[in-house]
Amino acid sequence: MDSNKTHQEFGIVKEDYLEWRSPRFGTSHAERIDNNVWKWLIHTGISAYCANEEMRGPDPFEAGPAWCFDRFGQSTTELPDGRKIYIAGEHEDSYDPDFYIYNDVVVINLDGSIEIYAYPRNCFLPTDFHSSTLVDDKIVIIGNLGYPDDRQSGKTQVYTLDTTNYKIESIPTSGDSPGWIHLHTAELDSENQIIRVKGGVLYHNETSPLIENIDEWQLDIRNWTWQRLSKKEWFRFEVKRSDNQLNLLWEIRGALWNQKLGWKRELKESLEKLTGLLGLVPDIELLKEIYRPPVTHVELEQYEDEYGTYRILVEGVVVRYVEDFYGIQVTIEGSLSENIIKTLTDDLVKKLEKLENTQYETRLLRV
């Protein structure tokens, strides 16, 4: 792939781009799509916005999202013969006009040639953050985040892709499955013909937050039966604003960062903005204390690849806080007394309410 290749090198003019600008479903199963616009976008990997600007395309707010190959949650599988199979994925987040979840398959052959296959929506749902596991001449596709209306509580999406003809088949499964899962890992045990699934995030229903998968599962690919391998009885809860608004922890951390680096102008600006949003001058130093409860504990190392995750050790048990814009999910990875759990909960709520000058509430997390 070459990000420097221009549309002129592919012989593309504006009329070509406008014809193939928009994503589309296949009209038949494994429909071969052959056009230089998409091949250019695959070669370069440029964003939908950049491609549309370069080709002077229409406003995406009016014309809808533009097709591109710059994707998150796309799987890549390399075959023994050198082919690379790219499956689906998404571009941008839901607030962006170019947001789109794909249901296509792109094949890059050893000689660099490209094949693109499209599928009807009812044959292959728009899919992202899945896993792809090569089993002989088939790829087993497990999981999906997908569009909200496509998510099915309690069901795990499973497809197979035949690498000899690129046909996709939806696989009905039985047994105790993880449910609607994404961002997980999948590992093949070829000797026992099972795929082990762990990690990731689970969707329960539209009124519940996405929740971390803490257990392990396996799928027997001889009979497509799920089995649960663990059932951790960890206490988990979420703390979020009672008004259901996004929290301002990111903005407060930004102010704290400005203070740490001595950026006086930026600090003044961020504090003024926060004061307007919160109705008071925030005590940004309090942010350092929200995961330091009034119980004996040890602060554990924060990993660079786990932004927003904080851990402490209480009576030999890891207490993990995962912070995002919507709330804070707390996982107690073992057994603690009810009194300690209540102290952890009450202290976190109290500090957050003081920090943001608004009410917070807690709810248990169950899947």
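The values are calculated or read from the model by the stated rules, or taken from the named source; none is laboratory data. The structure presented is a predicted model; accordingly, all values stated were derived computationally and were not measured. Reconstructed Cβ throughout: ideal geometry from the backbone, glycine too, with neighbour counts over all protein chains shown.
Scanning the stretch 43-68 for residues that are assigned to a loop (DSSP other than H, G, I, E, B) and touching a Ser or Thr at 6+ places or on another chain (Cβ under 8 Å) yields Gly45, Ile46, Gly64, Pro65, Ala66, Trp67, Cys68. Per the conditions (1) outside any loop (DSSP other than H, G, I, E, B); (2) more than 25 Å from the chain's Cα centre (by Cα); (3) surrounded by fewer than 14 Cβ atoms within 10 Å (Cβ to Cβ), the sole criterion not satisfied by Thr27 is (1). Quick one: is Gly82 in the same structural domain as Ile195 (by TED's automatic domain parsing), assigned to a loop (DSSP other than H, G, I, E, B) and over 24 Å from Ile12 (Cβ atoms)? Criteria met by Gly82.
Among the residues making up the stretch 156-187, a single one is within 15 Å of Gly200 (Cα to Cα), more than 18 Å from the chain's Cα centre (by Cα) and not acidic (Asp, Glu): Ser177.
Scanning the stretch 193-204 for residues that are touching a Lys or Arg at 6+ places or on another chain (Cβ under 9 Å) and surrounded by fewer than 21 Cβ atoms within 10 Å (Cβ to Cβ) yields Gln193, Ile194, His204. Criterion applied to Leu261, Leu229, Leu210, Leu256 was being under 30 Å from Ile195 (Cα atoms) and either touching a helix residue (DSSP H, G or I) at 6+ places or on another chain (Cβ under 6 Å) or without any contact (Cβ under 8 Å) to a residue 24 or more places away in the chain (or both), and the one residue passing it is Leu210. Just name the residue that is surrounded by the most Cβ atoms within 10 Å (Cβ to Cβ) out of those in the stretch 210-231 that are within 14 Å of Val140 (Cα to Cα) and of a type outside the set (A, V, I, L, M, F, W, C). Out of the qualifying residues, it is Gln218. Between Asp215, Asp243, Asp220, Asp189, the distinction of being assigned by TED's automatic domain parsing to the domain that holds Val330 and either among the charged types (D, E, K, R) or under 22 Å from Leu352 (Cα atoms) (or both) belongs to Asp243 only.
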